[in-house]
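Read through the structure below, which is laid out as structure tokens, and then see the notes.
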Amino acid sequence: MADVTPVNGQITDAVTQANVKVLGDAPAMAMGSLFQATAQALANAAHNATAQQQNAASLAQAILSRSAANLLGSHPAKPPAP
């Protein structure tokens, strides 16, 4: 039990136990936060890689279309003169 005080000993013991529990849980909570942050970073990296791959495929398709048009001799229509 804690030092002698005018407060009921059961109250001081309950508060002490709550404080000890919070201190005991702190490392586990910190690791949980670390794992969540790591998972979020990895998910962002995977999303960015997918977006990059999609953009590269779109660019490759545009280049292929333009190259085919150049080989076939077709040119885009010119806008009418004003």
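Just one of the listed residues (A43, A57, A26, A49) is assigned to a helix (DSSP H, G or I), of a type outside the set (F, W, Y), at pLDDT 95 or above and over 14 Å from the mean Cα position of the chain (by Cα), and it is A57.
When you check M31 against the structure, is it of a type in the set (A, V, I, L, M), modelled with pLDDT under 85 and either surrounded by 10 or more Cβ atoms within 10 Å (Cβ to Cβ) or not in a helix (DSSP H, G or I) (or both), yes or no? No. Restricting attention to region 1-16, the residues that are outside any loop (DSSP other than H, G, I, E, B) and either modelled with pLDDT of 85 or more or surrounded by 10 or more Cβ atoms within 10 Å (Cβ to Cβ) (or both) total 7.
The values are calculated or read from the model by the stated rules, or taken from the named source; none is laboratory data. The structure presented is a predicted model; accordingly, all values stated were derived computationally and were not measured. Please note: Cβ atoms are built from the backbone with ideal geometry, for glycine as well, and neighbour counts cover all protein chains shown.
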